1. Return the only residue of GLY156, GLY121 being within 27 Å of GLY334 (Cα to Cα) and surrounded by 24 or more Cβ atoms within 10 Å (Cβ to Cβ).
2. So which residues in the stretch 304-361 are under 12 Å from the mean Cα position of the chain (by Cα) and of a type in the set (Ser, Thr, Tyr)?
3. Taking the criterion of being surrounded by 19 or more Cβ atoms within 10 Å (Cβ to Cβ), part of a helix (DSSP H, G or I) and among the hydroxyl-bearing types (Ser, Thr, Tyr), would at least one residue in the stretch 196-210 satisfy it?
4. Does the stretch 64-75 contain at least one residue that is touching a residue at least 12 places away in the same chain (Cβ under 8 Å) and farther than 30 Å from ARG204 by Cα?
5. Which residue pairs have Cβ atoms closer than 8 Å, lie 6 or more positions apart in sequence or on different chains, and pair a first residue in the stretch 342-365 that is under 11 Å from GLY127 (Cβ atoms) and crowded, with 24+ Cβ neighbours inside 10 Å with a second residue that is among the basic types (Lys, Arg) and at pLDDT 90 or above?
6. Considering the stretch 349-392 alone, what residues qualify as being β-branched (Val, Ile, Thr) and at pLDDT below 90?
7. Going by the structure shown, is ALA33 within 18 Å of GLY127 (Cα to Cα), in a helix (DSSP H, G or I), at pLDDT 90 or above and in the same structural domain as ALA151 (by TED's automatic domain parsing)?
Amino acid sequence: MAFVTGTNMTFERETKGWKFAVSSGLLGWVLDAFDFFVVVFLFDTLAARFHVSKASVVYTLTLTLAMRPLGALFFGALADRFGRKRPLIVCVLYFSICTVLTGLAPTFWVFVLFRALYGIGMGGYWGIGASYAMESLPRRFRGVLSGMLQAGYPMGYLLASVAMQTLAPALGWRSVFFVGAPVAMMVVALTLFAPESEAWKQHRPASMKHIFVSLLQHKAMFFYLLMMMSVLLCLSHGTQDLYPDFLKSVPGIAAKSVFGMKALFGIPILYNLGAVVGALFFGHLSQKMGRRNAIMMALVVSLLSIPAWAFGASLLVLVAGSFVMQAGVQGAFGVIPAHLTELSPDAVRSLFPGIVYQLGVLLAAPATAVEFMLRDHFGYPWALTVFVSVVTVLMIAIFWFGPEAHNRSFLRETEIKPTSILAE
């Protein structure tokens, strides 16, 4: 793939088969999210099956999340050293096998083991999938495809919800751990047909030592992006994790229905749809107005939705508030795959964004506990308001003063360096 840069626009010669590379990245992230979220719907079932407390099952989510940085480090380094294709195939097969074995677990401790091992694959996939997709597609599509990639996470959540209401009642709860295996084979097939990344071929590091030296050479950018992702993930957790529990506290909501669904299930489904819409919209918008501007606009949208989201007393207001809130929060997230890969060093474009993202997940883990503590002191509406307002304003400041490498080429001929005191 070659680029010729003019004064006002960039002309591109597209790589044959780039759509296969992008499709494998997108589909794999949807599958990854699906395999994670099925457990969320099975807390009571798994506790009864394995004769353990519900808290013990919930703990397995924390264990899965804690293993994600290891996966980002391991698979990201492999992808930077040996190419995007083979590590991506290995990663998707690995986490799919772990998911199937989870469904076959005879005891709780075997179940815990395979959920921990699955976390390594889950953490590894995002960095490879994002770098492979962003490097392969034409730059004019980078913003909207960034939104599509990140929208795969709430889409996986939605599909897990659908599977629990269709497959599980008909085939049993174990079936939801098996249904993703054919999809993994589709990801493998798409990757086999896809071309290897030309950007990786140009910037391929000579050794594993070179990869980790490159990380150290860009430590200022690394810590800035880690701070950015940690705070942004606090915002995501702060608007999602406790909201279903908050809805139960709103008088009369539990007895109502929305589009034929119980409100306590229907509202989360609708705000996840808002998340998908927001990721696509702001991802596309970032291609025109820049990554930082699009993210800050999305964050302002989420700020404006707080009164309806936290203090809504009617079903309609809560639906509207939560839909707009997630459109804003996940709209900001929709720009992240493009923004992170554009700011990442060439030699470590799989490892760098992957480890930043997954370490951010780990550092943001206490967010829910902090918000719950605020609830005990101020009640749910004000706890949600205070936490989300502070984090959102902080997030806007971080992006306002942060760097950007909007629409940079990943090839040497037209490489554009980020303009910031953090750029190295």
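The values are calculated or read from the model by the stated rules, or taken from the named source; none is laboratory data. Source: prediction; values computed, not measured. Note that we place each Cβ from the backbone using ideal geometry, even for glycine, and neighbour counts take in every protein chain shown.
1. Matching residue, one of GLY156, GLY121: GLY121.
2. TYR357
3. no
4. Checked against the condition, which is being touching a residue at least 12 places away in the same chain (Cβ under 8 Å) and farther than 30 Å from ARG204 by Cα, the stretch 64-75 yields at least one hit.
5. SER350/ARG84; GLN358/ARG68
6. Once the filter is applied, which keeps residues that are β-branched (Val, Ile, Thr) and at pLDDT below 90, the stretch 349-392 yields VAL361, THR368, VAL370.
7. no
Yes/no matrix, rows are residues, columns are (1) under 30 Å from ARG84 (Cβ atoms); (2) outside any loop (DSSP other than H, G, I, E, B):
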{"site": "LEU303", "(1), (2)": "no, yes"}
{"site": "HIS339", "(1), (2)": "yes, yes"}
{"site": "LEU394", "(1), (2)": "no, yes"}
{"site": "ASN407", "(1), (2)": "yes, no"}
